[in-house]
1. I'd like to verify a number: residues in region 49-73 that are crowded, with 18+ Cβ neighbours inside 10 Å and touching a strand residue (DSSP E or B) at 6+ places or on another chain (Cβ under 9 Å), how many?
2. Under 12 Å from residue 121 (Cβ atoms), touching a residue at least 24 places away in the same chain (Cβ under 8 Å) and within 14 Å of the chain's Cα centre (by Cα): which single residue out of 41, 8 fits that description?
């Protein structure tokens, strides 16, 4: 698995150094153009990602689910999205996606051509420290990690989110 960190703008009035796309669908189409058979490409709003291990855990569980035929989605990239979001409903998982405006984005690339695909993805986003743009309060709220839960454990927010990702298997 590779993760491309970047920044994009969806909609009008883009900053000068930021690649602009008319819509989320236009950005997704650009990512689809970079993909290769067998290599999944999935973009996330960086604010919702609790760290690299969060994405690694989601990819591992999604790949295992696909191999076992226990997947929710037909597309592996969408399965990765569902696991990363800790939700079985695709519509709910899409909240982790991009919305209009300028966003830091993390693009997961996983599969046999991941090096080449990641290099192509790097050409459609502006370089950015997207992992540095995470929002712990947004993450805790999105994954229903409460203050009492955090106080009762010495686990990091990333660990608690990875637990939510793993628990998606139990809900099946």
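1. Residues flagged as crowded, with 18+ Cβ neighbours inside 10 Å and touching a strand residue (DSSP E or B) at 6+ places or on another chain (Cβ under 9 Å) within region 49-73 amount to 6.
2. Exactly one of 41, 8 is under 12 Å from residue 121 (Cβ atoms), touching a residue at least 24 places away in the same chain (Cβ under 8 Å) and within 14 Å of the chain's Cα centre (by Cα), namely 41.
Coordinate-derived values only; no laboratory data. Note that the coordinates shown come from a computational prediction; the quantities given were computed from them, not determined experimentally. Here the Cβ is made from the backbone with ideal geometry for all residues, glycine too, and neighbour counts use every protein chain on show.
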